[in-house]
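The values are calculated or read from the model by the stated rules, or taken from the named source; none is laboratory data. Owing to the predicted nature of the structure, the values given are computational and were not obtained by experimental measurement. In this analysis, Cβ positions are derived from the backbone assuming ideal geometry, glycine residues included, and neighbour counts consider all displayed protein chains. Heavy atoms of the whole protein, side chains included, go into the accessibility calculation; ligands, DNA and RNA do not. Shrake-Rupley method; radii C 1.70, N 1.55, O 1.52, S 1.80 Å.
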Amino acid sequence: MPARKTTTPSSPRGSSWSCSILRYLGGSARHSSGSSPLVKRERAVPRGWRTPARSVGGALRAARERRRRAGMERCDLGERRRGPIWTRRAGAAAARGVIVNIVHSVQGYHSKTIHFLNVAFDSSGDSLLAGDRQGNIYVFDLNGNRFNLVQRTMQACTALAFNLRRKTEFLVALADYSIKCFDTGNQELVSWMRGHESSVSSISVHGSGKYAITTSTDTAQLWDLDTFQRIRKLNVRQSVGIQKVFFLPLSNTILSCFKDNSVFAWEFDTLHCKYQLSAPVEGSVLFYKVFAVTRDGRTLVAGGKSNHLHLWCLELKQLIRIIQMPEKVRAVRHLEFLPDSFDGGSNQVLGVLSQDNIMRFINIETCKLLFDIGSPEEGISTAVISPNGRYIASVMENGSLNLYSVQALTQEGNKPPPFMFKVVEDGPKYTSEANKLITKVTSGRSKRPWKSKQSKIQSRLLKLQANTSLENKENELPGGLNKNRLQALLKGFGEYPAKYRMFVWRSLLQLPENHLAFSSLIDRGIHSAFVNIQKEYPIKSGKLLRVLQRTLSALAHWSAIFAETPYMPLLAFPFVKLFQNNQLICFEVVATVVVNFCQHWFEYFPNPPVNVLGMMENVLAHHDKELLQHLIKYNVTSQVYAWPLLETLLSEVLTREEWLKAFDNIFSNHPSYFLMIVIAYVICSRASLLHCNQAADFEYFFHHRNNVDINVVIKEAYHLMEATPLEIHPQHMLDDFTPLTKGQYPVFNKYPTFIVNYQAQKWEKIRQDEIEYLRERQLAHESEAKAQEQKAEDETWYRKQKLLQEAEEQRQKILVEEEKLAEQRQRLAVVKRELKVKELQLLDASRRRFLNYQQDQVQMELKHLNDEIARKVAEENLARTEQKHTDTNGRLHPQRRLRHDDQDRVKHYREIVKLLHDNRVKEAELLKAMRETESKKQEDVVQNKAQLGKEQKAAAADGHRKQFLDDKMNDELELAEKLQREDGCFERLRDVKARCTERGVEVQQRPRSGSICLNDLSTLASSPHKNVFASRGGAARRRAELARQERELMAEVWRLRRRLTSRAQARHPPARSPATTWSP
């Protein structure tokens, strides 16, 4: 029957799509065209769907018009730092699925729109982080309908990450090649990480949120987000280059993709290469640019500059499918899986963003198109899907941010009309293996096409080839290990190699490594039962204590029984010490041991597991009755010899190496082997136990290390496993090994819940009472603190008041002092005036005393002149006499006699000079006394204040006295001249006056006049008297005559002085002397 043909207008989406799913068998392949007939079926397209050519401005106007017609919610951030995102949420009825269109426009002289560059969701999917070209980082709370500007980095961001362990922190890669961590709560910088030499293109965060990988073209770096330190760095040759490095979900594997299409998987703990994906088969080579991984980490999708997508199965390390996109898709720019709550992480819906800026969502199993977003007019630059699968955030080509509702996009009414498609016949020439992998995408709503005999659609999926038997499958372990081979190795060597022991244990226990589930347990924090565990178990290492506390808290959050179990720290501590660097593995190992090797332990809680202890006692009774009877004899039950070994997992009685060797065998056998090895330890210690007869000795024995060979114990345990009858064998009572489930941990409720609940309620009540007590104590402390604060405030107030009062008193004192100072200033002014008056008085008194002193000096000088005149006259007379005597003496005898007389005369004159000197000394003493009197007078100035007026009047008369004295002196001198003229005896008085006038000062300064007298005498002696008395009698008479003449001359001088004095007194009567006089 010929194929039905329908001619309709071509689709605006380009050529129709076809589907052909073939089984992958391996081998080479080449594309061939034109060899198979095509059955063309095209869909009818309404005229309104056609897109005529128009200008860019027309396209933008049309886009704005469509938004206006569709009623799209629009949010302009502008200059606001916070505000609502939408005024009315569109929800499922959103136009084309767009909930809101977010733009950031800046108004000014040149209005412009700041383009968004990157977006990222948090782990819950309800908060969105977006960064624009200017470095503004916004957080959009989709549940609370609020946005906040949390940071301004002032430079463009190249990558974002918002799924860290601390929910309020995020990572941003900047244009300066650095990565910064900020906190959205306090909007502060947490850390600044540097190390890249080129732009960071992506940030991948581990499922636990504790580690991150940043990728640039030349390197990838692994960071610890707790310390923000770089752990490792991946360097490659510049010619190769890195495309992307990221964590695989739900595993400890790092996947690195390079530009040469090589893909390597690395173990996160050791950073050893786990495997490498083989190169794609011939004929389907494309250059990988973008990658996406399902949420379960099992499937990798890669795309690049082609319309092909490669699907890799990471468990098989094989390429399982090649999806061919339509011809309009020439390159793939971005890939993103759409999560689904019910797919168990094996996501089926893939979003493909192509070079035409349209993101198409297809089902990778059925290759059906589900929906698309974006258009050539409103193209998408990049897009991110929320982890909960509810939202799609896309950065548009025009710089805005669109938020889509997945629920609205998946509704039937929003899907485009069905496509008609072309089917490629599975002809005989399509024999290449690559073409068998090719699967073309078709529309999800197309009707089933008419089939012809020549065309056939194959939709067979790749199945895993069963090359191994069912028995081998049961013994196969993760990591490529085989349990039977491991047991054979263990029996041969007795233990596993220390280098690979942890890897073997993880494979034997089949740990699921549920990162998200473990993170959720850890995020609940420290359990209240283990807050003060350091008091009961004072571990020296702080890190070991923290790991133990977190592990026990995670166990308690997983099941409530572990919070009430007192021996849980003892049971978990050995594994905590072994796996302290990997808390996830530590938790899962302990959980696996509890679930499998501690079966039926909690059925009699809080008592020991008597059922398990009863099984062990039956086995001991069967194999060593004598030892059991000895134990029973001394009342040593299984709770003494078995339970201490069980609850500590033999860690108290074995060394580290012995314990590791024992658990190599325990993990490799049935869970009942653990009970057997405890019984074997008791049996191997029978010699020591049979010598014990005290209960304390038995308790000490099973709590301390003993001299027991662990190899003998292990062999004995294997013997017990084989020789124990089936009816009492613990294997008959215990279940087989069951690993933990992947994704979520199993429910553990094999314990009396009512007891645990009762104890939990009791502890909760105690905790509430304690909280209430602490609250009351806190209130009491707060009240006391408030009272103390109030008291302090009162004291401060009183202190301030006291200070104010003191300040007021001080001010009053200052005012009083100022008044006193004013009075003192006034008194000081009065005193100054008085002192000025006193000073004037003293000056006047000093002047007066000086005048009196001058008057006394004049009188003394007159007296000295008189004495000098008398002496000169006497010297002249004596000289004449001596000359006459010399003349009268003989040549020899008279001269000697004259010399003797001269000596006597000299002696006499010396005595006169001495008397004159004494007179001068007495005058000096008198002057000193006068000065002392003057100083005393100065002290008595105050007492003589009343006489100041009289003294001032007396001072006026001093001038008259001085004039009177001058006149008197002149009169006396004139009188003396007159008398001289009258009397020839005073012919030298004029010379005396001139000498007195010229040497008046010398007379005052020279108190000693003896030298002058001698000079004068020498002069008299040398006077020209040439007559010499010839005889001694004449000389005697001459001397007598001279003496008489001398006496007469002296008498005449005194008479002359008295006469001059009487005349002066008669001519000038004496003036009235002042009242103030100098006293001796």
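Points worth noting:
- If only the Cβ of Lys and Arg carry +1 and only the Cβ of Asp and Glu carry -1, the dipole of segment 621-708 around its Cα centre is close to 140 debye.
- Ranked by the mean number of other Cβ atoms within 10 Å of their residues, highest first, the peptides 548-559, 362-373 fall in the order 548-559, 362-373.
- The order of the peptides 116-127, 266-277, 783-794 by mean Cβ neighbours within 10 Å, most packed first, is 116-127, 266-277, 783-794.
- Once Rg and the Kirkwood radius are both taken over the C-alpha atoms of segment 313-393, their ratio Rg/Rh works out to 0.97.
- Rounded to 0.05, the FRET efficiency of the Y537 and N398 pair, given R0 = 51 Å and the Cβ-Cβ distance, is 0.25.
- Approximating the spin labels as points 7 Å out from Cα along Cα→Cβ, the K836-to-N145 distance works out to 9.5 nm.
- Simple label model, 7 Å out from Cα along Cβ direction - A792 to R1044, nm: 12.7 nm
- Gain in span if fully extended, R920 to D183, counting 0.36 nm per residue against the direct Cα distance: 254.1 nm
- A probe of 1.4 angstrom, applied to the heavy atoms of all protein chains, finds I814 with accessible area near 70 square angstrom.
- The simple Förster model, with R0 at 22 Å and r as the Cβ-Cβ distance, assigns T270 and D523 a FRET efficiency of 0.25.
- The packing ranking, built from the mean of other Cβ atoms within 10 Å per residue, places the peptides 899-908, 576-585 in the order 576-585, 899-908, highest first.
- Legend: distances between Cα atoms for K210/K289; K863/K928; K274/K540; K491/K543; K577/K765; K210/K742; pairs beyond 25 Å are K210/K289; K274/K540; K491/K543; K577/K765.
- Full-extension gain in nm, E315 to R194, via 0.36 nm per residue minus C-alpha separation: 40.0 nm
- For the pair segment 585-661 and segment 778-838, the centres of their Cα atoms are 85 angstrom apart.
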